[in-house]
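The next block holds one structure in the form of structure tokens; read it before the comments.
The values are calculated or read from the model by the stated rules, or taken from the named source; none is laboratory data. Just so it is clear, the model here is predicted, and its values are computed rather than measured. Here the Cβ positions follow ideal geometry from the backbone for every residue, glycine too, while neighbour counts run over all protein chains shown. Heavy atoms of the whole protein, side chains included, go into the accessibility calculation; ligands, DNA and RNA do not. Shrake-Rupley method; radii C 1.70, N 1.55, O 1.52, S 1.80 Å.
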Amino acid sequence: MKTVDLVVPCFNEEEVLPTFVEETNKVIATLPDYSFRYILVNDGSRDNTLAVMIKLSKEYENVKYISLSRNFGKESAMYAGLEHTTADLVFVMDADLQHPPKMFPAMLKEIENGHECCALYREKQKGESFIRQAISKMFFAMQNATSKVKMPNGAVDFRVMKREMVDSILSMGEVQRFSKGIFCWVGYDTKWLPYENVERTIGTSSWSFWGLFKYAFDGFTAFSVTPLKLLYVLGILMLLGSVGTGIAMIVMAIVQGFVGYFLPVLTALLFVGGILEVSMGIIGEYLGRVYFEVKDRPIYIANVKNIENPRR
Ligand code: UDP
Ligand code: MG
């Protein structure tokens, strides 16, 4: 029998948690080949989430809980949960039933078929505001264009992974975690399945407009230093501009015999500005390297081999 851990970050979910466990248990009952365990992570909720967790753990012996000392954010809560897993397979999912447990059989099937991970993406963004949809689209477009980690439009943090993949994720010790990117960065054969988005029926989403925006920005900067590279482009454009105005100045001097103040000043400004921008771009290049170096990510992740690493 395969063991399965369900990692569920919870922030102010007292209302939905009992229903979540009830609904999930119904699905679990249809999967007798797996032994499930809940790892509920209370992320510093301000309501009675912890009390509800304790109650549930008394009711069901496979309900485990971890309570964080304050609200650390979903990313940290997920990490805390993953660190406590021991099972062969690990699910991550939201507590609000927006990640329907009825997808479990299809997801586990993909693992049985030999995939190392099965993750979901929203097919339609039903029940989401226009602004949210726009930010989400922009986010995925920017993410895929600027960094090496690629993910489908609408990818959500609902997935099942094999043990090795979880261990790889835990080996990435960066504090500013962006799980969507990390899940992709570690590699492994991932099957993406579409699912239909369900509206949150109980409780409220804890994301504000700015919260989402910040999240998108964090994700964007966690895996790419493209903004730093833009400094180069700007500097080179300014230098080219100064060459242009410089030529214009010479032509004017020859044709009209007089140059005036404007062009020389503009040329000098563009030239000095361009040199400064390019210099910042060079510093940015080193800064970008330092940035990735301090993240202390593994240099590679090997998932199949018939030789031991003598150094580890
Ligand atoms: N969550 C968390 N800490 C936070 C915010 C959210 O653990 O600071 C949890 C929340 O309880 C839920 C999941 O992360 O299980 C997704 O949150 P939410 O439903 O608010 O986000 P949305 O579905 O709107 O993206
Ligand atoms: Mg939700």
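Of everything in region 13-62 that's more than 16 Å from Phe91 (Cα to Cα) and of a type in the set (Ser, Thr, Tyr), which residue is nearest to the chain's Cα centre (by Cα)? Checked region 13-62; the qualifying residue nearest to the chain's Cα centre (by Cα) is Ser45.
Each row is one residue, and each column tells you yes or no for (1) in contact (Cβ under 8 Å) with a residue 40 or more places away in the chain; (2) among the basic types (Lys, Arg); (3) within 30 Å of Gly274 (Cβ to Cβ).
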{"residue": "Val166", "(1), (2), (3)": "yes, no, no"}
{"residue": "Arg177", "(1), (2), (3)": "yes, yes, no"}
{"residue": "Gly211", "(1), (2), (3)": "no, no, no"}
{"residue": "Phe217", "(1), (2), (3)": "no, no, yes"}
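Only one entry of Ile236, Ile247, Ile202 meets the criterion of being more than 27 Å from Met280 (Cβ to Cβ) and of a type outside the set (Asp, Glu), and that entry is Ile202. Of all residues in region 52-63, those satisfying the criterion of being in contact with a strand residue (DSSP E or B) (Cβ under 7 Å, 6 or more places away or on another chain) and within 16 Å of ligand 1 (Cβ to nearest atom) are Met53, Leu56, Val63.
For region 288-303, the criterion of being over 24 Å from the mean Cα position of the chain (by Cα) and either among the acidic types (Asp, Glu) or exposed (fewer than 14 other Cβ atoms within 10 Å of the Cβ) (or both) is satisfied by no residue at all. Go through region 168-226 and report how many residues are within 16 Å of ligand 2 (Cβ to nearest atom), open to solvent by 20 Å² or more (accessible area, probe 1.4 Å) and not small (Gly, Ala, Ser). Matching residues across region 168-226 total 12. Among the residues examined, Val8 qualifies as among the β-branched types (Val, Ile, Thr), at pLDDT 95 or above and open to solvent by less than 50 Å² (accessible area, probe 1.4 Å). Applying the criterion of being polar (S, T, N, Q) and more than 15 Å from ligand 1 (Cβ to nearest atom) to the residues of region 74-94, the residue that is nearest to Phe183 (Cα to Cα) is Thr85.
Remark: Ile54 matches the filter, which requires a residue to be surrounded by fewer than 17 Cβ atoms within 10 Å (Cβ to Cβ) and either part of a helix (DSSP H, G or I) or in contact with a helix residue (DSSP H, G or I) (Cβ under 6 Å, 6 or more places away or on another chain) (or both). Contact map, region 142-157: residues that are surrounded by 18 or more Cβ atoms within 10 Å (Cβ to Cβ) paired with residues that are assigned to a loop (DSSP other than H, G, I, E, B), Cβ distance under 6 Å, separation 6+ or inter-chain. Pairs shown: Ser147/Ser224. Has region 115-136 got any residue that is within 23 Å of Leu17 (Cβ to Cβ), more than 16 Å from ligand 2 (Cβ to nearest atom) and open to solvent by 60 Å² or more (accessible area, probe 1.4 Å)? No, that holds for no residue. Would you confirm whether or not region 127-149 contains a residue that is closer than 21 Å to His99 by Cα, away from ligand 1 (no atom under 16 Å from the Cβ) and not aliphatic (A, V, I, L, M)? No, every residue in region 127-149 fails to be closer than 21 Å to His99 by Cα, away from ligand 1 (no atom under 16 Å from the Cβ) and not aliphatic (A, V, I, L, M). If you go through region 67-97 and pick out every residue that is in contact with a strand residue (DSSP E or B) (Cβ under 8 Å, 6 or more places away or on another chain), in a loop (DSSP other than H, G, I, E, B) and open to solvent by less than 40 Å² (accessible area, probe 1.4 Å), you end up with 6.
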